Amino acid sequence: MNFTFMDNDDFTLEKKALGNRVQELRLKIIDPSSNNPISQEELGLRAGTAKKTIGEIERGVTNSKFETLLMISKALNITINELFHFDMEKYKAKRE
């Protein structure tokens, strides 16, 4: 098994990438009552967490608990693997 180590100690890029992924997935889910994507508040309700937490995750400013991320993936009807399926090279390129 190969392990890839992150380039930074505070995981800033990884948190931003995860946040963008959560937002991207949230915006794909259409609320049937409004015909608009679900809000941070609605995702929070479905995941059993606060709207504030969803916002912090989407902005990449928090260290999320694994349990919270599991609940978000369940609320988005995806696997945890799918939640973490994002291209880190895109974020590394922006930093350089």
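General observations
- Distribution of pairwise C-alpha distances over region 15-56, 5 Å bins, in %: 6, 25, 30, 26, 10, 2, 0
- For Ile29, solvent-accessible area (1.4 Å; no DNA, RNA or ligand), Å²: 40
The values are calculated or read from the model by the stated rules, or taken from the named source; none is laboratory data. This is a predicted model, so every value here is computed, not measured. What goes into the accessible areas is simple: the full protein's heavy atoms, side chains included, and nothing from ligands, DNA or RNA. Shrake-Rupley method; radii C 1.70, N 1.55, O 1.52, S 1.80 Å.
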